[in-house]
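The values are calculated or read from the model by the stated rules, or taken from the named source; none is laboratory data. Bear in mind the structure is a predicted one, so any value in this text is a computation, not a measurement. Backbone-built Cβ (ideal geometry, glycine too); neighbour counts: all protein chains shown. The protein model used for the area step is the full one, side chains on, heavy atoms only, and it has no ligands, DNA or RNA in it. Shrake-Rupley method; radii C 1.70, N 1.55, O 1.52, S 1.80 Å.
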Amino acid sequence: AAAEPPLRWEPRCRQQLRHLQDGAGIAARLPPRLEGRWVSTGCEVRPGPEFLARSYLFHANRLFRAHQFYYWDPACRHPSYSLVIKGKLRLRQPSWVTRGATEADYQLHKVGIVFHSQKAMREVAARINRSSAEGCGQFLPPGRAWAPGALYELLSAKMERDCTAALGFAMHELSLVRVETRPQQSGSRLVEELYLGDIHTEWLERRHYRPTGYQRPMQSATHHVHPCPACGIIYRADEHHPPILPARAQLPMQLSGSWVSTHCEVRPAVLFLTRYFIFHGNNHSWEGYYYHYSDPLCKQPTFTIYASGHYTQGIPSARVRGGTELAFKVTQARVTPMDQVTVMMLNSSEPGSCGLASSWSAGVEQDITPTNGCLVLGIKLPHTEYELFKTEQDAKDGSLLYIGERPTDGSSPDSPAKRPTSYQAPLMQCAGAPEELSNYVSLKYLGKKDTNGNEALKPLPGAFLLLIALLFLRRD
């Protein structure tokens, strides 16, 4: 009898990692096609925290009209104020910093604000009135009554007036653009996603920062994942009628099990990676794997990191409603270089700073615990990080895990004051209970044929164990 196709018995986690390494059916056009409406797929969290939803319309003549709806709450049900942003965008050359992205220039023509309550008007007006921007000292006179639907001009290119600084507002996200097209998993329907530049995690830096990574993608209003309860609501909204997103049940923090990336992920300073975590709730231990790549489709591996340790009992975050605060301790780590560039870098590192000196070779794992980490990769052991987690259900009742966004400057959240206030791309739950690590194999070996011509899954003990250290490990 013919052998069963391997995918039928593969654990779902490994199947997802293989799917990502195979490119996940993603196509990215250069230059990207932006015309049309793009919307958030849910309530987004920016550093601060700020809670918002976005709806951007790009015209064929390069003009754009963007709406940003801000809220008091992480479910985007209680609007604070809305911004309407008009300007012009010109795509330029492919980015030489962030592979797969296109650089762009933009000009802002007008930015207007509509307040949705007296409280919002009072708070924002006070911030603007305190700012030192020319002509903004009396943006709104104290005691001015809230006028529902009134649009106040924050920025005018014609009048050379800009009162947006007090809001930490910038549109530098438009300077880095990527559009991906991929098939929806449940069928032949295509999904189009717009990736715009990331927002700096430090408030004082965000107006000057030029992105090298991305924020949560928006989806095409016509080519989006179905079902998407938020998409239609955001599509129909405007600055006078902000979207009120559907109420979602608050999930208790249940970490136990296995979680894996949904996409090839991009970090500032140009890291492409996929992540895989296993949490053992019975003893609060964790294992994590980070697969690093040199390309935006995660097809060209560079190195993998495995890390493990323990985590604390979570407590609800007072600063980021809906989030849970935990501390993670990293006590062990192993590294597997997967290309010659990484091998050369590790072999030229200072003796005693990263495993056995001059002994690295491609595809061979080394324990870096005895050298207290790996200096050249920015990993220090042991190491504690102060984290922010959140779990949600997706539209198909699957579980998603959001882990705190890494500091943009590449440092580590190694003190409570540096705990994240926003999240990375979500991980999806791929197993409810920890799976046997002995069943796993190195992705390097996926796709090899055995003597009968069937797809063989050659085990490489430990080489698969390399995925997560960079999320938890210090980068100096």
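Looking across segment 271-312 at every residue that is farther than 21 Å from PRO94 by Cα and among the polar types (S, T, N, Q), the one that is surrounded by the most Cβ atoms within 10 Å (Cβ to Cβ) is identified as THR304. No other residue among ARG122, ARG182 is surrounded by 15 or more Cβ atoms within 10 Å (Cβ to Cβ), free of Cβ contacts under 8 Å to residues at least 40 places away in the same chain and not in a loop (DSSP other than H, G, I, E, B) apart from ARG122. Residues considered: GLU192, GLU173. Of these, the only one that is in a helix (DSSP H, G or I) and charged (D, E, K, R) is GLU173. Tally the residues that are surrounded by fewer than 16 Cβ atoms within 10 Å (Cβ to Cβ) and under 29 Å from PRO426 (Cα atoms), restricting the search to segment 340-375. Residues that pass the stated criteria total 1.
Residues of segment 96-119 that are closer than 19 Å to PHE169 by Cβ and either assigned to a loop (DSSP other than H, G, I, E, B) or in contact with a His (Cβ under 9 Å, 6 or more places away or on another chain) (or both): TYR106, VAL114, HIS116. In segment 126-143, the residue that is modelled with the highest pLDDT out of those that are surrounded by 14 or more Cβ atoms within 10 Å (Cβ to Cβ) and in a loop (DSSP other than H, G, I, E, B) is CYS136. For segment 244-254, a residue qualifies if it is modelled with pLDDT of 90 or more and surrounded by 15 or more Cβ atoms within 10 Å (Cβ to Cβ), and the qualifying residues are ILE244, LEU245. Tallying residues that are of a type in the set (Ser, Thr, Tyr) and part of a loop (DSSP other than H, G, I, E, B) within segment 266-305 yields 1.
Picking from residues in segment 16-36 that are surrounded by fewer than 16 Cβ atoms within 10 Å (Cβ to Cβ) and touching a residue at least 40 places away in the same chain (Cβ under 8 Å), the one that is nearest to TRP72 (Cα to Cα) is ARG33. So which residues in segment 72-82 are in contact (Cβ under 8 Å) with a residue 60 or more places away in the chain and either closer than 20 Å to GLN250 by Cα or under 23 Å from the mean Cα position of the chain (by Cα) (or both), if there are any at all? Hits for segment 72-82 are ASP73, PRO74, ALA75, CYS76, ARG77, PRO79.
For segment 255-265, filtered to residues that are open to solvent by less than 30 Å² (accessible area, probe 1.4 Å) and over 27 Å from ARG210 (Cα atoms), the residue that is nearest to the chain's Cα centre (by Cα) is VAL260. Whether a residue is in the same structural domain as LYS390 (by the TED database), closer than 25 Å to LYS380 by Cα and more than 20 Å from the chain's Cα centre (by Cα) was assessed, and ARG275 does not pass this test. Restricting PRO337, PRO316, PRO268 to residues that are in contact with a strand residue (DSSP E or B) (Cβ under 8 Å, 6 or more places away or on another chain), surrounded by fewer than 24 Cβ atoms within 10 Å (Cβ to Cβ) and not polar (S, T, N, Q) narrows the list to PRO316.
Could you tell me whether TRP96 is in the same structural domain as THR164 (by the TED database), more than 30 Å from PRO296 (Cβ to Cβ), of a type in the set (Phe, Trp, Tyr) and open to solvent by 30 Å² or more (accessible area, probe 1.4 Å)? When the stated conditions are applied, TRP96 does not pass them. Considering segment 200-237, the residues that are at pLDDT 95 or above and among the aliphatic types (A, V, I, L, M) include one that is farthest from the chain's Cα centre (by Cα), namely ALA237.
For every residue, the table says whether it meets (1) modelled with pLDDT of 95 or more; (2) more than 24 Å from SER258 (Cα to Cα).
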site: LEU297; (1), (2): no, no
site: TYR306; (1), (2): yes, no
site: VAL343; (1), (2): yes, yes
site: GLY352; (1), (2): no, yes
site: LEU356; (1), (2): no, yes
site: VAL364; (1), (2): yes, yes
site: ASN372; (1), (2): yes, yes
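Pull out all pairs, ordered by first then second residue, where Cβ-Cβ is under 7 Å, the residues are six or more apart or on different chains, the first lies in segment 355-375 and is farther than 14 Å from THR342 by Cα, and the second is among the charged types (D, E, K, R). Correct list of pairs: ASP367/ARG334; ILE368/ARG334; ASN372/LYS380; GLY373/LYS380. Among the residues of segment 50-93, the ones that are small (Gly, Ala, Ser), out of contact with any Cys (no Cβ under 9 Å at 6 or more places or on another chain) and crowded, with 21+ Cβ neighbours inside 10 Å come to 4 in all.
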